[in-house]
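Before any comments, here is the structure.
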Amino acid sequence: MKHTISVLVENHFGAFDRVATMFSGKGFNIRSISIGETEIAEISRMTIVTEGDDQIIDQVVKQLNRLIDTIKVVDLADTYHVERELALISIGLHKGSMEQIKNICDIFRGSIVDITNKSMMIEVTGPPDKIDAAVNVLAPFGIKEMARSGIVALKRGEQLKIQKKENITT
Amino acid sequence: MKKSDNTLNGAEIFFECLKREKVEHIFGYPGGAVLKLYEHLHDVNFLQHILVRHEQGAVHAAEGYAKASGKTGVVLVTSGPGATNTVTGIADAYMDSVPVVIFTGQVPSHLIGNDAFQEADIVGITRPITKHSFLVRDVKELALTIRKAFYIASTGRPGPVLVDLPKDVIASKCEFVYPEDVEIRGYKPTYKGHTNQIKKVAEVIAAAKRPLLYVGGGVIMSGGSQELALFARENKLPVAMTLQGLGAFPGTDDLSLGMLGMHGTYWANRAVDNCDVLVSLGARFDDRVTGKVETFAKNAYKIHVDIDPTCIDKNVVVDLPVVGDVKHIIAEIASEMPNPPETGEWLEQINEWREECPLVYEDNDGRLRTEFVIEKIFQKTKGEAVVVTDVGQHQMWTAQYYKYNNPRSNLTSGGLGTMGFSIPAAIGASFAVKDRPIISISGDGGFQMNIQELITAAAYKVPVKFIIINNSFLGMVRQWQELFHAEKFSFTDLSASNPDFVKVGEAFGIESYSTDNPKEVDSLLDKAFSVNDRAILLEFKVVKADMVFPMVPSGGSISDMMVKRLNPKRMI
Ligand SMILES: Cc1ncc(C[n+]2csc(CCOP(=O)(O)OP(=O)(O)O)c2C)c(N)n1
Ligand SMILES: [Mg+2]
């Protein structure tokens, strides 16, 4: 089963590599991964879409937690959450196709962000299945290039909060 | 060293930090990128630097030191080849959860990424085999980084931490402020076990008919051996140990079943197979222990106590997990026990298995066998020595025949199975342990894998007894070839190509002896035990084609256990 896992990591040199190394070293699957800033400067959020049975997902979450630079790991599969993805899709233009593409773009509430005589680029944002649908419908027109951002996601209603600072004395 | 305004260079800060971490020994090898550190080391007198002869040896020595003492081992090497030479040692420490901090030199910051002379991305190379690592980018971060490195290496489930030190960072200056506290918000090991779960564990054990404690190296690392001994004895619970767990509970105790798993005792494995409650304490259900996981302790209610949550449900799904420090949890379980379980019949049954299939070897044909040598060593040291084995048949025979009575006295490479571990690890241990003999046992193959460290032993006059079990073969591989690979003894016969080990020892300045006669074993060992101010080497030439039994084939079940050679005519 597909799981979206949200990981807060220290914005440290190498923190991302460590997560990627863990996934490849343990043979876990990454369907998509995105990383970006959060409301706190030293913390980044990684959103990882992975796949596996319950035992594998349990291990993914534990192994992520075990990394020193990860602060919080949440498997969003058990929560109400919002998922969004952005896609840039460049489509070749043929005689009369521009109008049709524009219509499809409107249906998906996308916008045209670049246009030449030969091609146009559409930006679509939404839940990943909406992007999939847009891609399906646009495919017959000839997709020349596509870039998808990977999923970003947040729990609904409440935000992930950073643990309160406590001092460890040894 | 200190300037009045407390502005220090990186090298001075480095040693100030080591002093505060109470580092007394460091195993290292110099080179261009760490020259500044060695410049200052020259005048440092609070610690001893031990010059090894290969950086892999430095890491194994630090491991031996750490395993024997419980303190964190420290390694200092240069960039590039110095750093890459540590890789096997680091992987070894990672697999066996040994607290080691490895300091590597690095090319100056502005050259990183330029393929500069002796540049290697050691942080990248070791990422999957370190608990954590740091590249120090500014001298202002140095003190805090070192503090964190020691803290991470030694707490929770211990492991190796690498700190990469660019040359310019060591040379630049800043005000030295020692960070008394470390705060790592992403790293908070759980020490205290869940109270209700601990109660439940006690109830389940108390109600058990055939309980078994399955004890791993975690008990030793947490310092929980005494708690374990009290708990097991008070409740008459039999104890089977993993390779790393040997020594956690006295091997001479009636309740000890010795080692379980692939080359475990028949009775320990039968006990695993038949127990109704299996209590894993600081062990990780490694495949060398479980064999086929579906049949491992198949009817048992499984309890798993470990400090590392990732160990739980990783290989075997358990019924009752408890995450926390195993030492404290054992004590708490013990105090929660409503009554001891009725284990009389169960212990009798185990004793029947002991008699049914004891550890035996041929000892009346006048030829020398490993088991005999190990038994002699055991008798002479009464299980009180620190025994450091290499990897192979001799390692398994030692695990079977040497009954360790103390924790931190069985040092061996279990997880990675690194040949070449024994010589340097024994040297490292000798800097930590002064009151008990240190015996290094290697095969003829593995002895040659870090043989250069013999000179380290000679130079520092460490009183290690180096024992070579020479069967003229890469014996363990030969055993698999005979059993599973159509007797194609491909590249495992060393009889025509082994060096003269006595001459080797002497060339390194170590008094050396050799024998193939069982009658001479006693006198040679007595000789070795009478020497306490320097190293000594004994080569025992044993029969060639012996095999270690019992054996549960890789991925097999207890029912597949082989207790003796199928084709006795191969016994040459
Ligand atoms: C560095 C390394 N290379 C290869 C192996 C594979 N291996 C495992 S046991 C063994 C044979 C060891 O032979 P020896 O040291 O003579 O010990 P014996 O088994 O004969 O007691 C080998 C080659 C290993 N464990 N480590
Ligand atoms: Mg051999």
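The values are calculated or read from the model by the stated rules, or taken from the named source; none is laboratory data. Bear in mind the structure is a predicted one, so any value in this text is a computation, not a measurement. Glycine gets a Cβ as well: all are built from the backbone with ideal geometry, and neighbour counts include every protein chain shown. Heavy atoms of the whole protein, side chains included, go into the accessibility calculation; ligands, DNA and RNA do not. Shrake-Rupley method; radii C 1.70, N 1.55, O 1.52, S 1.80 Å.
Just the number: Rg to Rh for chain B, Cα atoms, Kirkwood Rh, two decimals.
Numbers: Rg = 24.3 Å, Rh = 24.7 Å.
Expressed as Rg/Rh, it is 0.99.
Rounded to a whole number, what % of the accessible area of region A:2-78 do carbon and sulfur atoms account for, probe 1.4 Å?
Working: 1540 of 3250 Å².
The nonpolar share, carbon plus sulfur, comes to 47 percent.
In this model, which of A:Lys62/B:Lys192; B:Lys140/B:Lys167; B:Lys488/B:Lys564; B:Lys376/B:Lys434; B:Lys541/B:Lys564; B:Lys236/B:Lys380 are farther than 24 Å apart at the alpha-carbon? The partial results should precede the final answer.
On the way: A:Lys62/B:Lys192 18 Å; B:Lys140/B:Lys167 14 Å; B:Lys488/B:Lys564 20 Å; B:Lys376/B:Lys434 22 Å; B:Lys541/B:Lys564 22 Å; B:Lys236/B:Lys380 29 Å.
Distance filter (> 24 Å) returns B:Lys236/B:Lys380.
Can you tell me what share of the DSSP beta bridges in chain B is antiparallel? A percent to the nearest 5 is fine.
On the way: 5 of 69 bridges.
Taking every DSSP beta bridge within chain B, about 5 percent pair in antiparallel fashion.
What is the calculated FRET efficiency for B:Lys434 to B:Glu336, with r their C-beta to C-beta distance and R₀ = 30 Å, to the nearest 0.05? Before the final figure, lay out each step's value.
Numbers: r = 39 Å, r/R0 = 1.30.
For B:Lys434 and B:Glu336, the calculated efficiency is 0.15.
Taking the Cα centre of the protein assembly as shown as origin, work out the dipole magnitude from +1 charges on Lys and Arg Cβ and -1 charges on Asp and Glu Cβ, in debye rounded to 20.
Details: 80 positive and 92 negative charges, 94 e Å.
Dipole about the Cα centre, nearest 20: 460 debye.
Per residue, what accessible area does chain B have, given a 1.4 Å probe and all protein chains present, in Å²? Let's see the in-between values first.
Numbers: 21490 Å² over 572 residues.
On a per-residue basis, chain B sits at 38 Å².
State the antiparallel share, in %, of DSSP beta bridges confined to the protein assembly as shown, rounding to the nearest 5.
Looking only at bridges with both residues in the protein assembly as shown, the antiparallel portion is about 40 percent.
Could you tell me what percent of the accessible area of region B:229-356 is made up of carbon and sulfur, with a 1.4 Å probe and every protein chain present?
Details: 2160 of 4650 Å².
Roughly 46 percent, rounded to a whole number.
Where Rh denotes the Kirkwood radius from the mean inverse Cα pair distance, what is Rg over Rh for region A:1-102? List each step's numbers first, then the result.
On the way: Rg = 17.3 Å, Rh = 15.4 Å.
Result for region A:1-102 is an Rg/Rh of 1.13.
Working from Cα positions, state the angle (0 to 90°, nearest 10) between the long axis of helix B:225-235 and the longest principal axis of chain B.
The answer is roughly 20 degrees.
Which is the longest stretch in chain A that no exposed loop site breaks, taking sites as GluC sites (Glu not before Pro) with a DSSP loop state and at most 14 other Cβ atoms within 10 Å?
Working: sites that count: A:Glu39, A:Glu42, A:Glu158, A:Glu166.
Formally, the longest exposed-site-free interval is A:43-157.
What does a probe at A:Lys118 reach in region A:130-151, counting residues whose amide N is under 16 Å from the point 7 Å along Cα→Cβ?
Answer for region A:130-151: A:142-146.
For region B:476-493 and region A:45-96, what is the separation of their Cα centres, given in Å?
47 Å
Could you work out the local net charge near A:Gly126, counting Lys and Arg as +1, Asp and Glu as -1, over the other residues with Cβ closer than 13 Å to its Cβ?
On the way: positive: A:Arg84, A:Arg109, A:Lys130, A:Arg148; negative: A:Glu83, A:Glu85, A:Glu123, A:Asp129, A:Asp132.
Taking every other residue near A:Gly126 into account, the sum is -1.
What pairs from B:Lys199/B:Lys382; A:Lys2/A:Lys118; B:Lys188/B:Lys314; B:Lys67/B:Lys200; B:Lys19/B:Lys327; B:Lys292/B:Lys314 go past 26 Å between their alpha carbons? Walk me through the intermediate numbers first.
Working: B:Lys199/B:Lys382 38 Å; A:Lys2/A:Lys118 38 Å; B:Lys188/B:Lys314 21 Å; B:Lys67/B:Lys200 33 Å; B:Lys19/B:Lys327 29 Å; B:Lys292/B:Lys314 14 Å.
Over 26 Å apart, Cα to Cα: B:Lys199/B:Lys382; A:Lys2/A:Lys118; B:Lys67/B:Lys200; B:Lys19/B:Lys327.
Say the cut-off is 19 Å between C-alpha atoms; which of B:Lys22/B:Lys71; B:Lys71/B:Lys465; B:Lys209/B:Lys298; A:Lys95/A:Lys130 go over it?
B:Lys71/B:Lys465; A:Lys95/A:Lys130
How are the Cα pair distances of chain A distributed, in percent, across 5 Å bins from 0?
1, 8, 16, 17, 14, 13, 11, 9, 6, 3, 1, 1, 0, 0, 0
Any idea what the relative contact order of region B:209-365 is, in percent, if you count C-alpha pairs under 8 Å spaced at least 6 apart?
Working: 290 pairs, mean separation 41.8, N = 157.
The value is 27 percent.
Which is the longest stretch in chain A that no exposed loop site breaks, taking sites as chymotrypsin sites (Phe, Trp or Tyr not before Pro) with a DSSP loop state and at most 15 other Cβ atoms within 10 Å?
Details: sites that count: A:Phe13, A:Tyr80.
Free of exposed loop sites, the longest segment is A:81-170.
Which ³J(HN,Hα) values, rounded to whole Hz and listed in residue order, are derived for region B:440-453 from phi using the Karplus coefficients 6.51, -1.76 and 1.60 in 6.51 cos²θ - 1.76 cosθ + 1.60 with θ = phi - 60°, glycine and proline given as x?
The phi angles translate into 9, 10, 10, x, 5, x, x, 4, 7, 8, 9, 4, 4, 6 Hz.
At a probe of 1.4 Å, how much accessible area disappears from chains A and B on forming the pair, both sides counted, to the nearest 100 Å²?
Numbers: alone 10730 and 22740 Å², together 30920 Å².
Interface between A and B: roughly 2600 Å².
Report, to the nearest 10°, how far helix B:370-381 tilts away from the longest principal axis of the Cα atoms in chain B, using its own Cα long axis and a range of 0 to 90°.
70 degrees
Return the carbon/sulfur percentage of the accessible area of region A:82-148, one whole number, probe 1.4 Å, all protein chains in place.
Details: 2160 of 3990 Å².
Carbon plus sulfur share of accessible area: 54 percent.
Calculate the length of the line joining the C-alpha centroid of region B:76-108 to that of region B:20-69, in whole Å.
12 Å
Rounded to the nearest 500, what is the protein assembly as shown's calculated 222 nm mean residue ellipticity when only DSSP H runs of at least 4 contribute -39500 (n - 2.57) each, over all residues? Display every interim value, and only then the final one.
Numbers: 26 runs with 247 residues, N = 742.
Counting only the DSSP helices, I get -9500 deg cm²/dmol.
Take peptide B:178-186, look around each residue's Cβ out to 10 angstrom, count Cβ atoms belonging to other protein chains, and average those counts. Before the final figure, lay out each step's value.
Working: counts 0, 0, 3, 4, 4, 5, 5, 15, 16.
Taking the mean over all residues of the peptide, I get 6.
Give a quick list of GluC sites (Glu not before Pro) in region B:340-389 that DSSP marks as loop, anything other than H, G, I, E or B, with at most 15 other Cβ atoms within 10 Å.
Details: sites: B:Glu342, B:Glu345, B:Glu348, B:Glu352, B:Glu355, B:Glu356, B:Glu362, B:Glu371, B:Glu375, B:Glu384; in loops: B:Glu342, B:Glu362, B:Glu384.
Hits after loop and neighbour filter: B:Glu342, B:Glu362, B:Glu384.
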